[in-house]
Amino acid sequence: MTTLSRTTQGPAVARRGPARYLASAVLCLVLLALALLASVMFGSKATSLSDVLRVVTGGGDEYLRTVVESRYPRTALGVLAGLCLGIAGTLMQGITRNPLAEPGLLGINAGASASIVAATAFLGASGQRETIWWALVGALATGVLVHLVGTAGGGGSPVRLVLAGAVLSAILAAFIQAVALSRPKVFDTYRYWVVGSLGGRGFDALWAVLPFAAAGLLLAVVLAPGLNAMAMGDDKAASLGISPARVKGAGLLAATLLSAAATAAVGPIAFVGLAVPHLVRALVGADFRMQILFTALAGPTLLLFADVVGRVLLRPEELMVGVVTAFVGAPALLFAVRRMRGAS
Amino acid sequence: MKTAERTEVRTGTTAAVPARPAGRVLVRVGPRVAIPVRRSSLIAAALSVLLLLGAGVATLTMGRLGIDPADLPSALMGEATGKNAFVLNRLRGPRLVVAIATGAAFGLSGALFQSVTRNPLGSPDVIGLSAGSGAGAAAAALFLPGVVPVSVGALVGAVGAMGLVYVSTGTGFRNPGRLVVAGIGVAAMSTALTQYVVYAVERDKASALTAYINGSLSARSWDDATVIWAVLLVCLPLAALLARPLGIGEMGDDLSTGLGARPDRTATAAVLLSIVLSAGAVSVAGPIAFISLTAPQIAKRVTRSGGPQLVMSALLGALLLVLADLAAQQLPLFDDLPVGLYTMAVGGAYLGYLLLKEWKRPL
């Protein structure tokens, strides 16, 4: 892992004029609107733009209403998950100064999976409504545990945190597979959950995780100026009256809350948390206030488009959004590898 | 192998300051080859062999179906009958023989790779070989069921994943940083494909596939044993040839170029050899986790010396896998789980222990 650490931010926050921000904002908003529209338009039953507009404005027949409105929950979940994963990735990449940092590294995915598996196997939990709570508990508990192990013995560098996440993920993976393989029913719950999908979930999944997502988001917004100061180096930040340790701790807590909320609601989804911060940084520069704002627009856009692609590609079957993001994100990463400078 | 050993005579009489590198023993093979070996390494290797023998005997004798220890010598001489013959020739014999060679192949593979990347996390499973083989197995099970055996799918997947990593780094296998990042990408794609297949096929098939993808040694045949031993016996001498240049390479590219080595070529050869070993092991046993990562690390700590500990890594890899498989067969916890789960749990715990130990020192 040490070979990967590379500073993501330059020493100074790049100056960007208001005109550029405005143009970027308009671009992101238009794309998000298109993504939202596409998400309610496309599916196993294709509907036309005029149909969708008729339903949205309160018209349309019964059948049409059912079809279009059934796409509302997954669209809302896509917005929430994309936002959460994107901002969690921004925070983690900023704090660990590792361009490859993403929410999965904190052990969130493994923790949520392990909790679901344990609850279905030993406590008889079943159904979406129950497992979502277990996923949330497991994700948060693992996040805290990784943090405790990573900072054990004082210090607590981000590299340690990521390694602690990897270790804990491996041990939890063994547990998950052992339990799942010896109990067919648990195995079914697990294999359907672990692909990561926006479909088959209702609004209650959204309401269940919303408080955690909101808390994480609020914390991220509050921390943005501190993170900006820290981009100049811990010493400079300290001289500005900011405690780097506290900002790091709070930032990782926010990242944990956000990714736990997203993972509990829709399952593990790869690459959104990794890719969106890079795209946004290319667009608006290193200012964390702008990064968070634009990630909140770009994350949902990316996830919704990926979901639409998954719905259209194998029609009338459906490819889960987690598979789509992996197959879009991984090649992008492979192309980026060639441009890595002097990594050894 | 006939070896004549000769302890080097130490000049000087006072024992306080040895005049030569202490504890070197020359291992001679014929009149031309003489390999200096540290005595502590030799002892460690002998101990590992003994432990491996013990674990092997335990594998054959323990449990309800075990061969009575009193009958074991005669059974091994080919006089086994009835139940013993079945256990030895069908049930546990091939499984044990496969476990030894597979573990050794993983260990050796990891030692070669870590020596090149100079990073304990740089092992073939980290750069996507395991995930690739899993995806290959899954794709074979979904798209060509019954046409392509799952193990062939795994082999194709492993080689394909490595090819993809090779192409996408742009510098081949020489830049460890790029290698690891490309590995992450390839692994992510492979895992997504595997998960989709496990989601899409029916439960029994998905369950069998998952067991295979975790790495399992149950129901191995003598054919499997032949395959992996052939791979191992071809690769071992080649690895031995690389040991010295690799040791020099660990001092850094500049210094080793100055010493007349060619670090680039050595690195590429070592990585290719490492991939062949891992791919061979994966095709008979599935991607068993953490052996290639931990065996070289333990070898380094046991022998307390620098340089790639190729032989020790292979021995320890075999020992680890045989022990894990013994646990998989005998622990009453779960019924014959894939051995890969045990190595994953133990390897993860060991890695955690290493980290905690490292953390006592400031980074």
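The values are calculated or read from the model by the stated rules, or taken from the named source; none is laboratory data. Quick caveat: nothing in here was measured; it's all calculated off a predicted structure. Glycine gets a Cβ as well: all are built from the backbone with ideal geometry, and neighbour counts include every protein chain shown.
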| task | Working carefully through the options B:Asp254, B:Asp224, find the one that is of a type in the set (Asp, Glu), buried (at least 19 other Cβ atoms within 10 Å of the Cβ) and in a helix (DSSP H, G or I). | result | B:Asp224
| Being of a type in the set (S, T, N, Q), closer than 21 Å to A:Arg71 by Cβ, crowded, with 23+ Cβ neighbours inside 10 Å and away from every other protein chain (no Cβ under 14 Å), is that true of even one residue in the range A:299-318? | yes
| request: Inspect the range A:81-98 for any residue being without any contact (Cβ under 8 Å) to a residue 60 or more places away in the chain and surrounded by fewer than 22 Cβ atoms within 10 Å (Cβ to Cβ) and give the result as yes or no. | output: no
| request: Tell me which residues, restricted to the range A:156-204, are within 17 Å of B:Leu209 (Cα to Cα), more than 8 Å from chain B (Cβ to nearest Cβ) and not in a loop (DSSP other than H, G, I, E, B). | output: A:Ile176, A:Val179, A:Lys185, A:Val186, A:Thr189, A:Tyr190
| remark: Per the list (1) within 14 Å of chain A (Cβ to nearest Cβ); (2) under 30 Å from B:Arg39 (Cα atoms); (3) in contact with a Leu (Cβ under 8 Å, 6 or more places away or on another chain), residue check on B:Ile288 breaks on (2)
| remark: Filtering the range A:234-286 down to residues that are over 20 Å from the mean Cα position of the chain (by Cα) and not in a helix (DSSP H, G or I) yields A:Leu240, A:Gly241, A:Ile242, A:Ser243, A:Gly285
| query | So which of B:Asp223, B:Asp253 is over 30 Å from A:Ala270 (Cβ atoms), at the interface with chain A (Cβ under 10 Å from one of its Cβ atoms) and without any contact (Cβ under 8 Å) to a residue 24 or more places away in the chain? | reply | B:Asp253
| remark: Restricted to the range B:333-347 and to residues being at pLDDT 75 or above and surrounded by fewer than 24 Cβ atoms within 10 Å (Cβ to Cβ), the residue nearest to the other protein chains (Cβ to nearest Cβ) is B:Ala345
| task | Test A:Gly94 against the stated conditions and say whether it is within 25 Å of B:Tyr350 (Cα to Cα) and under 17 Å from the mean Cα position of the chain (by Cα). | result | no
| request: Report whether or not B:Gly128 is small (Gly, Ala, Ser) and in contact with a Ser or Thr (Cβ under 6 Å, 6 or more places away or on another chain). | output: no
| task | Quick one: in the range B:165-206, of everything that is of a type in the set (Phe, Trp, Tyr) and under 24 Å from the mean Cα position of the chain (by Cα), which residue is farthest from the other protein chains (Cβ to nearest Cβ)? | result | B:Phe173
| field | Output for the range A:145-155, where each listed residue is small (Gly, Ala, Ser), in a loop (DSSP other than H, G, I, E, B) and either on the phi < 0 side of the Ramachandran plot or at pLDDT 80 or above (or both) | value | A:Ala152
| Verdict on B:Gly317 being away from chain A (no Cβ under 11 Å), surrounded by 15 or more Cβ atoms within 10 Å (Cβ to Cβ) and at pLDDT 90 or above | yes
| note | Exactly one of A:Gly94, A:Gly124, A:Gly89, A:Gly104 is under 27 Å from A:Gly329 (Cα atoms) and out of contact with any helix residue (DSSP H, G or I) (no Cβ under 7 Å at 6 or more places or on another chain), and that residue is A:Gly104
| Single residue of the range B:195-218 satisfying the filter (touching a residue at least 24 places away in the same chain (Cβ under 8 Å) and not in a helix (DSSP H, G or I)) that is surrounded by the fewest Cβ atoms within 10 Å (Cβ to Cβ) | B:Ser218
| Within the bounds of the range B:133-155, is there any residue that is of a type in the set (Ser, Thr, Tyr) and within 14 Å of chain A (Cβ to nearest Cβ)? | no
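Which of the residues spanning the range A:319-340 are more than 19 Å from A:Gly273 (Cα to Cα) and either surrounded by 23 or more Cβ atoms within 10 Å (Cβ to Cβ) or more than 8 Å from every other protein chain (Cβ to nearest Cβ) (or both)? Before you say what the answer is, go through the steps one by one.
The first filter runs over the range A:319-340 and keeps only residues more than 19 Å from A:Gly273 (Cα to Cα), leaving A:319, A:338-340.
A:Arg339, the sole residue that qualifies.
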| said: Quick check on the range A:287-335: of everything there that is assigned to a loop (DSSP other than H, G, I, E, B) and either charged (D, E, K, R) or in contact with a Gly (Cβ under 8 Å, 6 or more places away or on another chain) (or both), which residue is nearest to A:Gly267 (Cα to Cα)? | reply: A:Met320
| task | From B:Ala192, B:Ala141, B:Ala135, B:Ala182, grab the single residue that is surrounded by 22 or more Cβ atoms within 10 Å (Cβ to Cβ) and free of Cβ contacts under 8 Å to residues at least 24 places away in the same chain. | result | B:Ala192
